[in-house]
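Where a number appears in this text, it was derived from the coordinates with a stated rule and is not lab data. Everything numeric here is computed off the predicted structure, so don't read it as measured data. In this analysis, Cβ positions are derived from the backbone assuming ideal geometry, glycine residues included, and neighbour counts consider all displayed protein chains.
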Amino acid sequence: MADLGDPKAALHHYLQATRDNLIWKLDGLSEREARLPRTATGNNLLGVLKHCLNVEAGYFGPTFGREFPMPEELVPMQAFEEDPQADWYARESETKKGLIDLYRRVGVFADQTIEQLPLDAPGQVPWWRPDERDVTLHRIIIHVTCDLARHAGHADIMREQHDRAIGLRRENSGVPHDYDWPAYVTKLTKLADRFG
C-alpha cells in the first residue's frame, strides 16, 4: 500500500483508485451495453472511459513536454473541429477491450510523469487561456483526479440505471447489500412530495 503520509504518494493513490473505479464500471458489459447512450446528451460508459484516457494523456503529456508513445491512438486535437464530442464515444473500429487496454497504457505513461517529476515541476496546459496555462505537477494531479472522479460519478449512475451494479469499488461497494431499496425510494418520494 502507498505511504499516504507522503503527499505525492497520496495524490497518486487516489488517482489510481479513480482509474480503477472507471474500469470496473465496464465489467461484464457487452460492446453494445458499454456504448449505449444512457442520457439525453448521449453519455455512455465506454465514452466516459475514452474521454478520461484522453484527459490523462493530455495533462500528463504535452503539459510537461512529453508525448504519448502512440499518439495516433488518441483523439487528435483537429478531430474536435469536426466533432466536439470526438472523445466521448467509441468509433466502430474501437472496442471495449482495446480502449481499456489503451487506458491502462495511458495510466502507465501518466505514472511515469508523476514518478519522474517533483510535485513543483512546472508545466503549461496548451489548451487553457494564456494567463492560466502555467501549472505545477501537483495542481495537475489534483485537477485530473477531480475530473476523473466527476466522470466516475457519471459512470456510477449510468451503471446503476443499467443493472443496479452500485458502489465505490468492486470488492467493497460501501452500500448495504440487504436493503429494501424500493421501500427506501418510496420513503424518499413521499418526503419529496410533501414539498410539492
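For semi-axes √(5λ) of the Cα gyration tensor in Å, computed directly from the structure shown, the correct entry in (i) 32, 21, 17; (ii) 53, 18, 12; (iii) 31, 17, 13 is (i).
The calculated 222 nm mean residue ellipticity attributable to helices in the chain amounts to -17000 deg cm²/dmol, summing -39500 (n - 2.57) over DSSP H runs of n ≥ 4 and dividing by all residues.
For the chain, the longest principal axis of the alpha carbon atoms and the long axis of helix 137-163 meet at an angle near 30°. Of all the options 163, 83, 180, the one that moves most in a Gaussian network model of the chain with Cα springs shorter than 10 angstrom is 180. Sorting 99, 49 by the number of Cβ atoms found within 10 Å of their own Cβ, with the fewest placed first, yields 99, 49.
Here's the picture: charge each Lys and Arg Cβ at +1 and each Asp and Glu Cβ at -1 in the stretch 7-193, and of 161, 127, 102 the one pushed furthest to the positive end of that dipole is 161.
Residues considered: 32, 139, 105. Largest GNM mean-square fluctuation over the chain, using C-alpha springs under 10 Å, is found at 32.
About its Cα centre, how strong a charge dipole does the chain have in debye, to the nearest 20, once Lys and Arg get +1 and Asp and Glu get -1 at the Cβ? Each step should come with its number before you reach the end.
Details: 24 positive and 31 negative charges, 127 e Å.
With only Lys, Arg, Asp and Glu charged at Cβ, the dipole is about 600 debye.
Sorted fewest first by neighbouring Cβ atoms within 10 angstrom, 15, 53, 4 come out as 4, 15, 53.
Sequentially through the stretch 110-116, phi angles give Karplus couplings (6.51, -1.76, 1.60; θ = phi - 60°) of 5, 4, 5, 4, 5, 6, 7 Hz, Gly and Pro residues having no value and appearing as x. Springs between Cα atoms under 10 Å define the GNM used for the chain, and in it the highest mean-square fluctuation of 67, 82, 115 occurs at 82. Our note on the geometry: Cα centres of the stretch 1-20 and the stretch 133-196, 20 Å apart. Per the Kirkwood formula applied to alpha carbons, the stretch 38-131 shows a radius of gyration over Rh ratio, Rg over Rh, of 0.99.
A simple count of charges around residue 68, restricted to other residues whose Cβ falls under 15 Å of its Cβ and scoring Lys, Arg +1 and Asp, Glu -1, yields -3. Model label sites at residue 94 and residue 177, defined 7 Å from Cα along the beta-carbon direction, differ in position by 3.5 nm. Given the options 117, 2, 179, identify the residue whose Cα lies farthest towards the positive end of the charge dipole of the chain (+1 on Cβ of Lys, Arg; -1 on Cβ of Asp, Glu). Working it through, the farthest residue towards the positive pole turns out to be 179. Residue by residue, the stretch 37-47 carries 3J(HN,Hα) couplings of x, 10, 9, 5, 9, x, 3, 9, 5, 5, x Hz when phi is fed to the Karplus relation 6.51 cos²θ - 1.76 cosθ + 1.60 (θ = phi - 60°); x denotes Gly or Pro. The slack in the chain from residue 10 to residue 157, taken as 0.36 nm per residue of separation less the alpha-carbon distance, amounts to 50.3 nm. In loop segments of the stretch 124-196 as defined by DSSP, the chymotrypsin sites (Phe, Trp or Tyr not before Pro) with at most 15 further C-beta atoms inside 10 Å of their C-beta are 127, 128, 179, 195.
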